[in-house]
Structure formats: C-alpha cells, structure tokens
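Beneath this line is the structure, given in structure tokens, with notes to follow.
The numbers here are math on the coordinates, done by the rules we state, and not lab data. Model, not experiment: these values are computed from the prediction. Cβ placement follows ideal geometry from the backbone for every residue including glycine, while neighbour counts extend to all protein chains displayed.
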Amino acid sequence: NVSLCMEYRIALLPGDGIGPEIVANSKKILSKLVENYALNLQITEVEAGDSALAKYGDPLPKQTLDIINKSHIILKGPVGESAMDVVVKLRQMYDMYANIRPAKSLPNVPNKYGNVDILIVRENTEDLYKGFEFMLSDDTSIGIKVITKKASERIVKVALKYALERNKKITCVHKANVMRITDGLFSRVCKEILKGSEVKFEEMYVDAAAANLVRDPSRFDVIVTTNVYGDILSDEAAQIAGSLGLAPSANIGDSKALFEPVHGAAFDIAGKNIANPTAFLLSVSMMLDYIYSLSKEIKYKHASNALQNAIYEVYKEGKTLTPDIGGSAKLTDFIDAIYSKIA
Ligand code: ATP
Ligand code: MG
C-alpha cells in the first residue's frame with residue numbers, strides 16, 4: 001500500500017528534445033525543496049523515449065521498466081516521436097485511469113479572461129479511444145464507444161476528492177441527450193455519487209461546455225468527463241488560461257501516478273537554453289500535492305505551495321521570462337529566479 005510508505009520512490013524520465021535540459025536544470029529546484037522541507041524522495045533517473053529507442057531499440061527498455069516497477073511515481077519530461085508508445089504503454093500497464101489537467105492563468109501571460117482556475121478530470125481508459133475500430137466493408141468504418149459503470153464511478157470519485165479540496169463545485173460533462181445509453185450511464189453514475197455529497201454539482205452537454213468555457217470560464221471549478229470530451233476540453237481550457245505550453249498534467253491510478261508537461265519535445269529549440277520549464281515545474285508541484293494526498297504529511301503540501309508561489313512571483317515580476325512568452329531570459333536564468341524565490 002503506497003500510503004504506508006515513508007519514502008517515495010520516483011522514476012525520473014528526462015525524455016527528448018528540450019526534456020533533458022528542462023529536467024537537468026529543474027533538479028536544482030527539486031533539491032532545494034527536498035532540503036528546505038525535509039522531503040523523503042528517492043529519485044532515480046531512467047532512459048525512455050526516442051533516445052532510448054535509438055540506443056536500445058525500445059522506447060521503454062527493460063532496465064527502465066524495472067525501475068518504474070519499483071517506483072511509486074513517474075516524473076517525465078516531454079518525449080519525441082515515441083511519446084505515445086511511452087505514455088500509452090505506461091498508462092495501460094499501471095491502469096492510470098485519471099487524467100488530471102489544471103488550467104490556471106499566470107500573471108504576465110496574455111489571456112482574455114482574467115483569472116482562470118479550472119481543473120479537468122478526464123477518464124483515461126475507455127470511450128471511443130479504447131481502440132475498437134474496424135472496417136465493416138471497403139467503405140464503411142465503425143468505432144465503438146465503451147462506457148462502463150466501474151470506470152465512470154472511479155473517475156467521478158477522483159473528481160469529488162479534488163472538488164472537496166477546492167471550491168466544492170463539479171460540472172459533469174456529457175451528451176446524454178444524444179448518446180442515451182453510453183453517456184446516459186455516465187450521467188447516472190455522476191448523479192448517484194454526487195447527490196448528497198458536499199459538492200454542488202451540475203450537468204452540462206459537451207457542446208454547451210465548449211461554448212461556456214470561452215464565454216465565461218469563471219463559472220467552472222472542477223469538470224469531470226469521459227475520455228474524448230476531456231481530451232478536447234482540456235486543451236481548450238489550457239489555451240483559455242494562457243498557453244497550452246505552460247500546462248502540467250497527471251495520470252493517476254490506484255498503484256502508480258505519472259506527472260508530465262502537456263507540451264512536446266520541441267526539437268526546434270532543443271539545446272539552446274531557451275525552453276520554458278514552467279509546465280514541468282507545475283507537474284512537480286502536482287506530484288508533491290499527490291504525495292500529500294497519499295501521506296497526509298503537510299510538508300509535501302508546503303513544498304508544493306512554495307514552488308507554485310515562486311513560479312507565480314517570477315511571472316508577476318515579469319523580468320525573467322523565456323522567449324516563448326515574450327521574454328528574453330534563458331532557461332537557466334528563469335530557473336535561478338525561481339530558485340531564489342523558494343522559501
Ligand atoms: P508534439 O510532436 O508532441 O506536438 P512538438 O515538438 O511539436 O511536440 P509542441 O508541444 O507541439 O511540441 O510545441 C510546439 C512548439 O511550441 C514547439 O516547436 C516549440 O517551438 C514551442 N514550445 C513547446 N513547448 C515549449 C517550451 N516548454 N518552451 C518553449 N517553447 C515551447
Ligand atoms: Mg506539435
């Protein structure tokens with residue numbers, strides 16, 4: 001049982017492109033957090049992705065999987081061409097069924113909506129992404145949408161847990177007026193679990209949710225939804241908050257969790273010391289929050305808050321921002337600015 005462990009073992013995958021430089025520099029910040037907050041983390045670096053494929057003929061070589069097997073948590077940088085092979089395989093191997101995607105605005109990052117703070121909880125294992133697709137004849141293709149009670153229940157419970165730590169409001173997004181059986185089941189599960197809970201909950205059709213997100217994102221707090229809608233709405237929400245490039249994410253299961261930036265390997269700017277590590281650092285903060293939720297040891301929450309506050313401070317000052325958001329700072333300058341602000 002993970003929650004009884006005192007030491008948290010983390011497999012760190014630097015990944016490809018800008019991944020290695022982001023991860024290498026971010027270690028300085030992790031070390032400071034470990035020291036200042038006496039965190040009990042055992043971090044082991046492993047190879048995965050395009051570079052591992054080139055070197056070992058496998059984007060997830062055996063020695064990497066051996067370490068991951070013994071770890072509680074996977075913290076990864078962006079992976080290049082083999083991204084899907086890595087993350088989809090890990091997601092399936094460890095049944096990491098909840099995809100958590102916060103969309104939170106940052107000072108000095110242009111956005112049309114002011115303060116945005118939404119958490120999207122997306123089911124990660126079924127729906128149309130299950131892969132049940134085939135040709136019925138030469139010119140007719142079929143894809144099967146799978147929605148189960150079990151997967152719906154566990155994702156709604158995850159959303160409830162997050163909502164209780166936030167503003168106690170959940171929007172369940174589906175399209176049960178058209179897909180009465182599949183989305184109908186998801187809708188029923190939402191009602192069963194959330195009625196009588198401490199959270200305020202509403203249901204919203206996915207088309208209305210897409211429109212309401214751009215009209216007034218402040219009306220949302222936690223959104224829980226099925227796989228396909230969640231995929232689309234989470235990109236929309238991240239962009240509304242400012243930039244998809246700053247978005248962190250988590251994949252959470254009952255035995256393992258994986259934290260990673262949403263952005264890709266960005267080979268065009270790799271090795272130039274100009275990559276923005278914000279999405280990775282916010283993923284680290286999500287990881288610390290997750291360890292807090294398992295351990296109930298408050299120091300992990302404090303460390304997460306310290307990291308988030310340092311990031312917000314650096315953005316608020318606006319002096320040391322990277323070129324992707326209009327600044328002229330180097331990756332290493334940005335890291336140093338955050339480092340110096342960690343209390
Ligand atoms: P993928 O194939 O997964 O889409 P990608 O390399 O195209 O990966 P994206 O995340 O789609 O990467 O990013 C598109 C572009 O945005 C990159 O080519 C890069 O110029 C820029 N970008 C992405 N992430 C960052 C970052 N962390 N810092 C700076 N620029 C970034
Ligand atoms: Mg791309």
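Tabulated data
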quantity	calculated
For the chain, calculated [θ]222 nm from helices alone, where every DSSP H run of n ≥ 4 adds -39500 (n - 2.57)	-14000 deg cm²/dmol
Shape call, region 112-241: gyration tensor on alpha carbons, a/c limit 1.5	oblate
Over the chain, relative contact order from alpha-carbon pairs under 8 Å, at least 6 apart, %	22 percent
Principal axes of the chain: Cα extent on each, largest first, Å	53, 46, 44
Ordering of 129-138, 163-172 by packing [mean C-beta count within 10 Å, highest first]	163-172, 129-138
Fluctuation leader among TYR315, TYR56, TYR162 - the chain, Gaussian network, Cα springs under 10 angstrom	TYR56
Neighbour-count ranking [beta-carbon atoms within 10 angstrom, fewest first] of SER340, SER105	SER340, SER105
SER328 versus GLU7: modelled label distance in nm, points set 7 Å from Cα along the beta carbon direction	4.7 nm
Restraint check, LYS149/LYS256; LYS89/LYS299; LYS76/LYS169; LYS27/LYS112; LYS272/LYS299; LYS28/LYS62, Cα-Cα greater than 24 Å	LYS89/LYS299; LYS76/LYS169; LYS27/LYS112; LYS272/LYS299; LYS28/LYS62
Nonlocal amide H pairs with ALA48, under 5 Å, H built at 1.01 Å	GLY15
Added length on full extension, which subtracts the Cα-Cα distance from 0.36 nm per residue, GLU198 to ASP58	45.7 nm
Inter-label distance for MET84 and GLU313, nm, one decimal - labels placed 7 Å from Cα along Cα-to-Cβ	4.3 nm
Relative exposure of SER187, SER255, SER283, judged by other C-beta atoms within 10 Å (fewest first)	SER255, SER187, SER283
Shape of region 222-343, Cα gyration tensor, a/c cut at 1.5	oblate
Under 18 Å from the Cα of LYS341 - aspartates and glutamates, other chains or at least 8 residues apart	GLU35, GLU313, GLU317, ASP333
Among ILE118, ILE144, ILE100, residue whose mean-square fluctuation peaks in a GNM of the chain (springs only between Cα atoms under 10 Å)	ILE144
Label zone at SER31, where the point sits 7 Å out along the Cα-to-Cβ direction: region 281-297 residues whose backbone N lies under 18 Å	281
Links that overshoot a 23 Å alpha carbon limit, given the list LYS32/LYS157; LYS200/LYS316; LYS168/LYS301	LYS32/LYS157; LYS200/LYS316
Tail weight of P(r) past 24 Å, computed on alpha-carbon pairs of region 178-281, percent	40 percent
